[in-house]
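Chemist: Here it is, the structure, as structure tokens.
The values are calculated or read from the model by the stated rules, or taken from the named source; none is laboratory data. Everything numeric in this text was worked out from a predicted model, so none of it was measured. All Cβ positions, even for glycine, are placed from backbone atoms using ideal geometry, and neighbour counts span all protein chains on display. In case anyone asks, the SASA skips ligands and DNA or RNA and just uses the protein heavy atoms, side chains included. Shrake-Rupley method; radii C 1.70, N 1.55, O 1.52, S 1.80 Å.
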Amino acid sequence: MDSVGDVLSVAEMVEERRLLVDVAHRLLGCRIAAGSVVDEVHRRWYGLSEGERAEIGQPRSWLVTNARHVCPPRLAGPPDERSGTPGESAARWFRVRERVVQPEPEPECDDYDCPVCVSHSARTRHTRPTTQQHAALSGALRDACMAQATEALAALLAPDVSVFFDGGGKVRTLAHPVHGSRRGARSLSILLAPQRRTVLDTRPVNGRTGLVVRYDRQTAAVLTLDVAGSHVIQVWVTLNPDKLRSWNRPA
């Protein structure tokens, strides 16, 4: 199972994906094609076994190297060696490639109402807190994360809490959920660590109070909480940029 120490902060995740897109963009000359390269690189990363990933000392360097390998060498040559503009060449190459390897499309989540984001646990339904209680617990969790008060954060989580990370294979995050209050608190403290250009706030999500992380004024993560009694029993962390599109649409 992935170690809690493998968790990245939201800022690190966003910056890493930006770096990979920039690397591919410089080689291909097309930002759309660069995004497809980055998705392929992450598919290769998650295609490794846990042991293989654990042996990679510098994951970011591994991702950058693979991004360069995925980009067709002919598109990295001088303009006169390409047929058409960089964007046209890249687009043609990806159309051919997609006929060979067609990944499963990521479901849209424009109303933020999907099974990944919302748990329907039976015990939550039987001990559903009031809106005010849920909001108070969400606020306390936010405050504990901002203060990096791991013990206080662990006290807000149920002993058997589970924290799920949904990166959609598009960012580097844990491939397995984290279980237990102490490990859960540690993972959330790292993920939501206060950093420059990062804002953590409470916001309404599906009629309840959740947590929203913004980095450089763009929503980079949304957390929904399942609460039973006075504790959080499940945390759903959505990091997949495709599922956050509705949060980043211009007003």
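Chemist: So Leu211 passes all but one of these: (1) buried (at least 23 other Cβ atoms within 10 Å of the Cβ); (2) modelled with pLDDT under 90. Which condition number does it fail?
Modeler: For Leu211, the failing item is (2).
Chemist: For region 214-233: of the residues being outside any strand (DSSP E or B) and out of contact with any Pro (no Cβ under 9 Å at 6 or more places or on another chain), which is least open to solvent (accessible area, probe 1.4 Å)?
Modeler: Within region 214-233, the match that is least open to solvent (accessible area, probe 1.4 Å) is Asp216.
Chemist: Residues of region 18-35 being touching a helix residue (DSSP H, G or I) at 6+ places or on another chain (Cβ under 9 Å) and either surrounded by fewer than 20 Cβ atoms within 10 Å (Cβ to Cβ) or in a loop (DSSP other than H, G, I, E, B) (or both), which ones?
Modeler: Leu19, Val21, Asp22, Arg26, Gly29, Cys30, Arg31, Ile32, Gly35
Chemist: Return the total of residues in region 172-193 being in a loop (DSSP other than H, G, I, E, B) and more than 17 Å from the chain's Cα centre (by Cα).
Modeler: Qualifying residue count, region 172-193: 1.
Chemist: Moving on. Collect the residues in region 127-171 that are in a helix (DSSP H, G or I) and either hydroxyl-bearing (Ser, Thr, Tyr) or in contact with a Cys (Cβ under 7 Å, 6 or more places away or on another chain) (or both), keeping them in residue-number order.
Modeler: Thr131, Ser138, Thr150, Leu153
Chemist: Which is modelled with pLDDT under 90 and either open to solvent by less than 70 Å² (accessible area, probe 1.4 Å) or not acidic (Asp, Glu) (or both), of Pro241, Pro194?
Modeler: Only one candidate qualifies: Pro194.
Chemist: A further question follows. Which of the numbered conditions does Ser3 fail, given that it passes all the others? Conditions: (1) open to solvent by less than 40 Å² (accessible area, probe 1.4 Å); (2) over 14 Å from the mean Cα position of the chain (by Cα); (3) of a type in the set (Ser, Thr, Tyr).
Modeler: Evaluating Ser3 over (1) open to solvent by less than 40 Å² (accessible area, probe 1.4 Å); (2) over 14 Å from the mean Cα position of the chain (by Cα); (3) of a type in the set (Ser, Thr, Tyr) leaves (1) as the failure.
Chemist: Hey, can you tell me all the residues within region 39-58 that are open to solvent by less than 60 Å² (accessible area, probe 1.4 Å) and within 25 Å of Val178 (Cβ to Cβ)?
Modeler: Asp39, Val41, His42, Trp45, Leu48, Ser49, Gly51, Arg53, Ile56, listed by residue number.
Chemist: Can you list residue pairs whose Cβ atoms sit under 6 Å apart, with the first residue in region 45-63 being charged (D, E, K, R) and the second being surrounded by 13 or more Cβ atoms within 10 Å (Cβ to Cβ)? Count only pairs 6 or more apart in sequence or on different chains.
Modeler: Sorted first by the residue in region 45-63, then by its partner, the pairs are Arg60/Glu16.
Chemist: Touching a strand residue (DSSP E or B) at 6+ places or on another chain (Cβ under 7 Å) and surrounded by fewer than 23 Cβ atoms within 10 Å (Cβ to Cβ): is that true of Asp143 in this structure?
Modeler: When the stated conditions are applied, Asp143 does not pass them.
Chemist: On to the next question. Give the residue, chosen from Leu156, Leu174, that is at pLDDT below 95 and either in contact with a Phe, Trp or Tyr (Cβ under 7 Å, 6 or more places away or on another chain) or open to solvent by 10 Å² or more (accessible area, probe 1.4 Å) (or both).
Modeler: Exactly one of Leu156, Leu174 is at pLDDT below 95 and either in contact with a Phe, Trp or Tyr (Cβ under 7 Å, 6 or more places away or on another chain) or open to solvent by 10 Å² or more (accessible area, probe 1.4 Å) (or both), namely Leu174.
Chemist: Restricting to region 34-65, and then to whatever is hydroxyl-bearing (Ser, Thr, Tyr) and more than 18 Å from the chain's Cα centre (by Cα), can you tell me which residue is modelled with the lowest pLDDT?
Modeler: The residue in question is Ser49.
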